[in-house]
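The values are calculated or read from the model by the stated rules, or taken from the named source; none is laboratory data. In this text the structure is predicted, and so the values were computed from the model without any measurement. All Cβ positions, even for glycine, are placed from backbone atoms using ideal geometry, and neighbour counts span all protein chains on display. In case anyone asks, the SASA skips ligands and DNA or RNA and just uses the protein heavy atoms, side chains included. Shrake-Rupley method; radii C 1.70, N 1.55, O 1.52, S 1.80 Å.
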Amino acid sequence: IYVALLAFLTFEKYIKSWRLYVLCNAAPSALSFILISIFVPESARFLGLHGHYNQAARVANRVARSMGFRGSKLTVAELQSHFPPEEVPLKGKPALLTSCMDMFRAFANLYKGETRRNLFFMQSMWFALSFGSGLSFWMTRVFAELQIADRYMMALFYAFSSIPG
């Protein structure tokens with residue numbers, strides 16, 4: 001809906017600049033990235049796995065407190081027992097190669113057992129939604145070929161029609 005509304009405002013009502021349209025489409029993602037970088041800390045698990053135990057305890061305790069947990073706080077010693085220091089990669093294999101191999105093994109494990117069915121379903125849904133949003137961009141071309149005057153307004157109506165219920 002945002003993209004269709006922006007196209008309507010940019011191309012039909014006001015400035016006819018595609019550069020402004022692209023910039024405005026990128027703005028929410030850029031703003032989200034900046035806000036997340038500033039306000040969302042690394043996860044306590046990530047910090048613990050990388051040996052930053054004090055930060056991990058601070059983050060975990062802050063999250064627990066924000067969720068209403070009033071029990072004892074997580075200590076650095078508890079984190080050290082759950083996340084021992086990382087092992088040094090095998091000699092002869094660069095750390096990047098080892099990390100890539102681990103990543104591909106973990107990715108391959110997604111397609112085994114019970115997760116395979118759910119993963120294929122989610123991938124199918126992603127494809128269908130991506131196809132649908134691409135179709136909405138194509139629709140403006142169809143509206144132009146049909147010589148509909150307010151093609152971006154029609155694209156906005158098309159986007160609103162995809163809201164369930």
> Which residue out of Asn25, Asn61 is within 27 Å of the chain's Cα centre (by Cα), within 30 Å of Met139 (Cβ to Cβ), surrounded by 12 or more Cβ atoms within 10 Å (Cβ to Cβ) and of a type in the set (S, T, N, Q)?
Replying inline: Asn25
> What are the residues in the range 7-22 that are under 15 Å from Met139 (Cβ atoms) and among the hydrophobic types (A, V, I, L, M, F, W, C), if any?
Replying inline: Ala7, Phe8, Phe11
> Going by the structure shown, is Arg45 at pLDDT below 90, assigned to a helix (DSSP H, G or I) and open to solvent by 90 Å² or more (accessible area, probe 1.4 Å)?
Replying inline: yes
> How many of the residues in the range 28-41 are open to solvent by 60 Å² or more (accessible area, probe 1.4 Å) and within 15 Å of the chain's Cα centre (by Cα)?
Replying inline: 8
> Taking only pairs six or more apart or across chains, which ones have beta-carbon atoms under 6 Å, a first residue in the range 147-165 that is at pLDDT 75 or above, and a second residue that is open to solvent by 70 Å² or more (accessible area, probe 1.4 Å)?
Replying inline: Ile148/Met154; Leu156/Leu5
> Hey, among Ala128, Ala106, Ala95, which residue is under 25 Å from His52 (Cα atoms), of a type in the set (A, V, I, L, M), modelled with pLDDT under 80 and open to solvent by less than 70 Å² (accessible area, probe 1.4 Å)?
Replying inline: Ala95
> Of all the residues that make up the range 17-42, how many are modelled with pLDDT under 85, within 26 Å of Ser161 (Cβ to Cβ) and not aliphatic (A, V, I, L, M)?
Replying inline: 3
